[in-house]
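For reference, the structure is listed below as structure tokens.
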Amino acid sequence: MRALCLVAILGLAIPSFAAAAQSGAETSDGLRTVTVGDLAALRTTGKVVVLDANGPETRSRYGVIPGAVLLTHYDDYDVGRELPTDRGRTLVFYCANERCMASHKAAQRAIDAGFTDVSVLSAGIMGWKNGGQPTGTL
């Protein structure tokens, strides 16, 4: 009963993803993380930009999260062309899976460019698919 009440209160008390992400887990390099469920819910709001840091082979093999921006390269993408102009937009980067660090490097590049609401989907596209979420093809 307590857990159910807590879930209900938290659902009402967190008006934005930024507030939720601030209390989320962090990676060893200090980046905020989101779960597959977090990102699935966030996508329904239309208030997130999802960024794919995978290469062509991974995208062909596993697909992409529908609507994701496909970065040209995880550590050498053009910030001015590939990211939104609003440095306060919510950005979530992903790559292949928990062992892949491309999303972390891409996210850090965004932070270094002045973006303030940046997270990583550590589970990557493999976790997204395993979680029963939709994928698109190239």
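Tell me which residues, restricted to segment 81-104, are hydroxyl-bearing (Ser, Thr, Tyr) and crowded, with 17+ Cβ neighbours inside 10 Å.
Selection gives Thr90, Tyr94, Ser103.
Output the residue which, of all residues in segment 57-70 that are surrounded by fewer than 13 Cβ atoms within 10 Å (Cβ to Cβ) and without any contact (Cβ under 8 Å) to a residue 24 or more places away in the chain, is farthest from Ala123 (Cα to Cα).
Among those residues, the one meeting the criterion is Glu57.
May I ask you to verify whether Tyr94 is among the hydroxyl-bearing types (Ser, Thr, Tyr), modelled with pLDDT of 95 or more and touching a Lys or Arg at 6+ places or on another chain (Cβ under 7 Å)?
In short, no.
Keeping to segment 39-56, report how many residues are outside any strand (DSSP E or B) and crowded, with 18+ Cβ neighbours inside 10 Å.
So the count comes out to 5.
Go through (1) within 20 Å of Gly136 (Cβ to Cβ); (2) over 13 Å from the mean Cα position of the chain (by Cα); (3) hydrophobic (A, V, I, L, M, F, W, C) for Leu91 and report which single condition fails.
Leu91 satisfies every listed condition except (2).
Select from segment 105-123 the residues that are touching a residue at least 60 places away in the same chain (Cβ under 8 Å), under 18 Å from Cys95 (Cβ atoms) and not hydrophobic (A, V, I, L, M, F, W, C) and write down the one among them that is surrounded by the fewest Cβ atoms within 10 Å (Cβ to Cβ).
Gln108
Report, by residue number, each residue of segment 29-38 that is in a loop (DSSP other than H, G, I, E, B) and touching a residue at least 60 places away in the same chain (Cβ under 8 Å).
Asp29, Leu31, Thr35
Let me spell it out: the conditions are (1) surrounded by 11 or more Cβ atoms within 10 Å (Cβ to Cβ); (2) in a helix (DSSP H, G or I); (3) more than 15 Å from the chain's Cα centre (by Cα); (4) at pLDDT 95 or above, and His73 meets all of them except one. Which number is the exception?
The failed condition is (2).
The values are calculated or read from the model by the stated rules, or taken from the named source; none is laboratory data. Predicted, not measured: the structure shown is a model, and the values here were computed from it. For neighbour counting, all protein chains shown are included, and Cβ atoms are generated from backbone atoms with ideal geometry for every residue, glycine included.
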